[in-house]
1. Do we find that residue 177 is at positive phi and either outside the structural domain of residue 268 (by TED's automatic domain parsing) or touching a residue at least 40 places away in the same chain (Cβ under 8 Å) (or both) in this structure?
2. Any idea which of 106, 114, 84 is away from the ligand (no atom under 16 Å from the Cβ) and farther than 23 Å from residue 58 by Cβ?
3. Here is a list: 185, 198. Which entry is polar (S, T, N, Q), away from the ligand (no atom under 15 Å from the Cβ) and either touching a strand residue (DSSP E or B) at 6+ places or on another chain (Cβ under 9 Å) or not assigned by TED's automatic domain parsing to the domain that holds residue 115 (or both)?
4. Does the stretch 208-217 include one or more residues that are surrounded by fewer than 17 Cβ atoms within 10 Å (Cβ to Cβ) and either free of Cβ contacts under 8 Å to residues at least 40 places away in the same chain or outside any strand (DSSP E or B) (or both)?
5. Identify the residue in the stretch 270-312 that is of a type in the set (Gly, Ala, Ser) and assigned to a strand (DSSP E or B) and, among all such residues, is farthest from the chain's Cα centre (by Cα).
6. So which of 285, 314 is of a type in the set (Gly, Ala, Ser) and at pLDDT 95 or above?
Amino acid sequence: MAIHQQVIKCFFLRNQSLELFCHEKPGCDSHRTDFRLVESDTGQLQRIRLMISPFALKTPFVSGVQADGTATDSWWFIFAKGMLLVHLPGQEPVAICTRSPEQLGLQPIFSKYLGRYASADCFVADLEGEAPVLGDMEFRDLRGLFGALDDDIFCLAGRAIQIVHWHRDHRFCGKCGTAMIDRRSELARKCPNCNFISYPRLSPAVIMSIVRDDHILLARAPRFPAGMYSTLAGFVEPGETLEEAVCREVFEEVALRVDKIRYVASQPWPFPHSLMIGFTSTYKSGEISIDHKELEDARWFSLSELPVLPSKISISRLLIENFISAEAKRGV
Ligand SMILES: [Zn+2]
């Protein structure tokens, strides 16, 4: 996803913050960057970035539990064995299916309203058993569609598959074993016997760049494509702050200490239910010592010797691109 750089308007707000709007696309609000002006130790005004949402939907999505009947379109995200039904009119897959499972002659074990995107009501459905063969439509692994689908559609499909996983994994109450029932008022399932409520599962994970002077630390796991290195990442543990999770993960994986941890952006990652929360950090101390259960290599890279990098629409790439542009500005 491109982060639009052309900013041509700015507004001073009452609270001394400065909002910079992307005007590359008319009406685009999702690449808005907020800045706050603060006074430094030397009395100068500094511009502090508050928020950037490069992975937000370009068109807002309104989640809901029931359609209000005003939408002109219906989009169905239909899954079988965790794979998404896509059209294949040419080389590029198209994920928008305007026909319901029943209209396609399919019998879902579960279907649900997701919410409204522009003029379309969005629904998800899950099929039991093997993926059927359907003319010019095909079931594809969603992870393999990362970068091939429109960014917003991929996000919606990611939301849909997480609801599928949640439904499949929470059919019965975890406390008493009774079959769970969907609540009508919210996205939740409730046990009719003991009233236990289950919400869709979400697992926060931190992902971080580590910069040491003019080098960035990148690592590779055995599952990565040949030659590719990425930033470190790991799940947040109960009772831990995000910043503590960054420090712990870095120390566990490469035995380094970091500081100056700064939030950059977040990205939903539906494999199976993560929310990636991205940070930059600065090397503080230590020598690289790899946890070989997780990694096969980790190294410091300068701008001129960067390896194969992750996909351009990943938050890891965004963190690396931030390092690249900072280095470029320094004239390296
Ligand atoms: Zn129960």
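The values are calculated or read from the model by the stated rules, or taken from the named source; none is laboratory data. Since this is a predicted model, take the numbers as computed values, not measurements. Note that each Cβ is placed from the backbone with ideal geometry, even for glycine, and that neighbours are counted across all protein chains shown.
1. Values: at positive phi: yes; either outside the structural domain of residue 268 (by TED's automatic domain parsing) or touching a residue at least 40 places away in the same chain (Cβ under 8 Å) (or both): yes.
Against the criterion (at positive phi and either outside the structural domain of residue 268 (by TED's automatic domain parsing) or touching a residue at least 40 places away in the same chain (Cβ under 8 Å) (or both)), residue 177 qualifies.
2. Details: 114 fails: farther than 23 Å from residue 58 by Cβ; 84 fails: farther than 23 Å from residue 58 by Cβ.
None of the other options fit; the residue is 106.
3. Values: 198 fails: away from the ligand (no atom under 15 Å from the Cβ).
Unique residue meeting the criteria: 185.
4. Taking the stretch 208-217 and keeping what is surrounded by fewer than 17 Cβ atoms within 10 Å (Cβ to Cβ), we get 212-214.
With either free of Cβ contacts under 8 Å to residues at least 40 places away in the same chain or outside any strand (DSSP E or B) (or both) added as a condition, the list becomes 213-214.
Yes: the stretch 208-217 contains one or more residues that are surrounded by fewer than 17 Cβ atoms within 10 Å (Cβ to Cβ) and either free of Cβ contacts under 8 Å to residues at least 40 places away in the same chain or outside any strand (DSSP E or B) (or both).
5. Our first condition is that a residue be of a type in the set (Gly, Ala, Ser); within the stretch 270-312, this holds for 274, 278, 281, 285-286, 289, 298, 302, 304, 311.
So of that shortlist, the ones also assigned to a strand (DSSP E or B) come out as 274, 278, 281, 285, 298, 302.
Working: 274: 7, 278: 10, 281: 20, 285: 30, 298: 24, 302: 27 Å.
Within the stretch 270-312, the match that is farthest from the chain's Cα centre (by Cα) is 285.
6. After ruling out the rest, the residue left standing is 285.
Condition check ((1) in contact with a Cys (Cβ under 7 Å, 6 or more places away or on another chain); (2) within 16 Å of the ligand (Cβ to nearest atom)) across all residues:
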{"site": "133", "(1), (2)": "no, no"}
{"site": "142", "(1), (2)": "no, no"}
{"site": "149", "(1), (2)": "no, no"}
{"site": "156", "(1), (2)": "yes, no"}
{"site": "162", "(1), (2)": "no, no"}
{"site": "167", "(1), (2)": "no, no"}
{"site": "179", "(1), (2)": "no, yes"}
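One line per residue, one yes/no per condition, for (1) of a type in the set (A, V, I, L, M); (2) touching a residue at least 40 places away in the same chain (Cβ under 8 Å):
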site	(1), (2)
258	yes, yes
270	no, yes
283	no, yes
309	yes, yes
313	yes, yes
331	no, no
